[in-house]
Each structure stands twice: as C-alpha cells, then as structure tokens.
1. Name the residue that is modelled with the highest pLDDT, counting only residues in the stretch 142-171 that are open to solvent by less than 50 Å² (accessible area, probe 1.4 Å) and not in a helix (DSSP H, G or I).
2. Among the residues of the stretch 122-137, write down those that are under 18 Å from Val172 (Cβ atoms) and open to solvent by 30 Å² or more (accessible area, probe 1.4 Å).
3. Could you count how many residues in the stretch 1-45 are loosely packed, with under 13 Cβ neighbours inside 10 Å, over 14 Å from the mean Cα position of the chain (by Cα) and at pLDDT 90 or above?
4. Based on this model, can you work out whether Phe48 counts as under 20 Å from the mean Cα position of the chain (by Cα), farther than 22 Å from Thr166 by Cβ and open to solvent by 30 Å² or more (accessible area, probe 1.4 Å)?
5. Residues of the stretch 66-101 being open to solvent by 30 Å² or more (accessible area, probe 1.4 Å) and at positive phi, which ones?
Amino acid sequence: MWQQPNVAALNRFTWNIWLWVVWGVPLVTTAIKYLAPGGTEKLFFMVFTPFVIVGAGCLGWLPRFILKKRGFRYSPSAVSAVFHVHWWAFAMSILAINGSVVTVDVTHVPSPLGQVLPFIARDASNAISGIGFLLVVVSYIVLILLASMTERQTQARTRSWVTLLTMLTTPVAMITLGLVVQALGN
C-alpha cells in the first residue's frame, strides 16, 4: 500500500484552504469592486457576478478534485505554487479594473487597487488587470496539467519553498510590471 510521504506544512495548508479560496476570493474581490466607487463597469458586475463566482468556484475546485481522484491527500509543491499565483492573479485582475464614468466632471474612477495604492495610475491598473487575466488563464491550464500528470510520490517536501515565494512575490511582481508599463507609456 502506498504511504503518504512527509508533506510540507505549506502544501497541507494549501490543500486545506483550497475550497475556501476558490469560493471566497471571487466573492470577496467582486464585492470589493462592486462596493468601491466606480462607474459603468458596475453594470457588468451586477449582471455577471453570480456567473463569475460560480464559474470560478467550480473551475477552481476541479484541479483539487483531479488530485483527490488520483489519490492525493495534499497539494504537491508545484501545484501549490501555481495555485497561489492563479488566485493572486484573479484577485489583482478584478481589483485593478478602472471605473469609467461619462460625465462632464469625472471621466475616470481609479480602481480599488489604485485607491489603496495611489501611485498606481490608470495605465498601471490597466496593465495589472490585463496581466492578471492572462495569468489566470495560463495558470489554470498549468494547474489542470499538473494535477493530471504529477506523480504521487514526488514533490511532497521538495521545492515547498517555491510556494512561499509565489505567495509573497506574485502581487509585488504584478504591481511592478504594471508600474513599468506605466513608466514606458509616459
């Protein structure tokens, strides 16, 4: 009988929070975006938020389901790392969406991210949002591939530091890339 190897705490942590994250992050980020000052983009959120939350939750649950069906009782290191990149990118892509209002006085409402970090202008927010949406798609494909192809005996403890690194650096890297785009545009 196959025995579960000594699993890194961060991989166990990722496995245990997985279902909370896949439902909670879409719910919280869309609620923040909806409740923050904005403009016409709120119509999109009013109509599509239920689909975004249910779709993100169900699709986000699928890699864990695949891992569980394959006999995993923890998240392998590579899967954990990509999981955290995926959900940071999801949150940042929504929180970086700028508002647009067509009135005489106001034509632009900063994104919730731009309101919290005032040095992030419209161009940087647009870049962060675009990078985030691209990362969401790419990281999801990678998650499905890793969940389907990772060997059970590998990656229980090895490279678990990569998970911590991605948890800490993904939002910083996305903001930095957005600021670089902003600087190049000026």
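1. Thr150
2. Passing the criteria: Gly130, Ile131, Leu134, Leu135.
3. 1
4. Spelling it out, Phe48 is indeed under 20 Å from the mean Cα position of the chain (by Cα), farther than 22 Å from Thr166 by Cβ and open to solvent by 30 Å² or more (accessible area, probe 1.4 Å).
5. Across the stretch 66-101, there are no qualifying residues.
The values are calculated or read from the model by the stated rules, or taken from the named source; none is laboratory data. Note that this is a predicted model, so its numbers are computed, not measured. Neighbour counts are summed over all protein chains in view; Cβ atoms, including those assigned to glycine, are modelled from backbone coordinates with ideal geometry. For accessibility, only protein heavy atoms count, side chains too; no ligands or nucleic acids. Shrake-Rupley method; radii C 1.70, N 1.55, O 1.52, S 1.80 Å.
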